[in-house]
Amino acid sequence: MPLTGEWEPGTSGWAREQVEEFEASDGRKANTLRGVPIVVVTMVGAKSGKLRKNPVMRVEHDGEYAVVASKGGAEQHPTWFHNIVKNPNVELQDGAKRRDYVAHLAEGAERDAWWERAVAVWPDYAGYQKKTERIIPVFVLVPVEV
Ligand code: F42
């Protein structure tokens, strides 16, 4: 069921601008970061209840996606981490394709497999993990069967 509600842009300017151009072009523009594909995840704010949209690197395997809450290796999780924990029903747009997913936090062998895929797509993730004591969370998004 597509998410409904009012989009409240985040305060991270560069990410907000990328979302705006990505959505305005239906995923045909602003769909990479340093040449690597990104996707946009729409979620419900844990406190505001408003829609939040965050670009993340595109890590896909057999129709499922990993969403890596790295925030560049900051000491704290990105704020949007709390949104997905509270409201795991999210939307993901990959290019022009937008679909509903249910997210869960990957642990153990599942996390290891997805972390390997994520670092293969975006090697900086490994550097981010070296920068911080926190274990960078990896959500796995499983498509909702229509
Ligand atoms: N970030 C990643 O963590 N991983 C990636 O792979 C990634 C890739 C990427 C590619 C392109 C690009 O442009 C940005 C990329 N980013 C990536 C950055 C990412 O999109 C976010 O900007 C970044 O992770 C920081 O997210 P953040 O939610 O911490 O951003 C803050 C600055 C923010 O926007 N805060 C909002 C605000 O108003 O201050 C609130 C956001 C929010 O969701 N609030 C919740 C609500 O209820 O609305 C409350 C949440 C709570 O419980 O506190």
With Cα springs under 10 Å, the Gaussian network model of the chain assigns the largest mean-square fluctuation among ARG52, ARG28, ARG98 to ARG28
Note, segment 30-45: 3J(HN,Hα) by Karplus (6.51, -1.76, 1.60, θ = phi - 60°), whole Hz, Gly/Pro = x, goes 6, 9, 9, 10, 6, x, 9, x, 10, 10, 10, 9, 9, 9, 9, x
Taking N as the number of residues in segment 95-146, the ratio of its alpha carbon radius of gyration to 2.2 N^0.38 Å works out to 1.32
Share (percent) of C-alpha pair distances in segment 7-55 greater than 16 Å works out to 36 percent
Relative to the compact-globule estimate 2.2 N^0.38 Å (N residues), the Cα gyration radius of the chain stands at a ratio of 0.97
Sorted by chain and then number, the residues having a modelled amide H within less than 5 Å of the amide H of ILE38, at least 5 places away or on another chain, are THR32, LEU33, ARG58
Per the helix-only model, the chain has a calculated mean residue ellipticity at 222 nm (DSSP H runs of ≥4, -39500 (n - 2.57) each, divided over all residues, rounded to the nearest 500) of -8500 deg cm²/dmol
Across VAL90, VAL59, VAL119, the residue with the highest GNM fluctuation in the chain (Cα network, 10 Å cutoff) is VAL119
Counted neighbours (other Cβ, 10 Å), sorted fewest up, put LEU141, LEU92, LEU3 in the order LEU3, LEU92, LEU141
Checking ILE84, ILE135, ILE38 against a Gaussian network model of the chain (alpha-carbon springs below 10 Å), the top fluctuating residue turns out to be ILE135
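Every read-out reported here was derived from the displayed coordinates using simple, explicitly stated rules and does not represent laboratory data. Since the model is a prediction, treat every value here as computed from it, not as a measurement. Cβ: placed from backbone, ideal geometry, glycine included. Neighbour counts: every protein chain shown.
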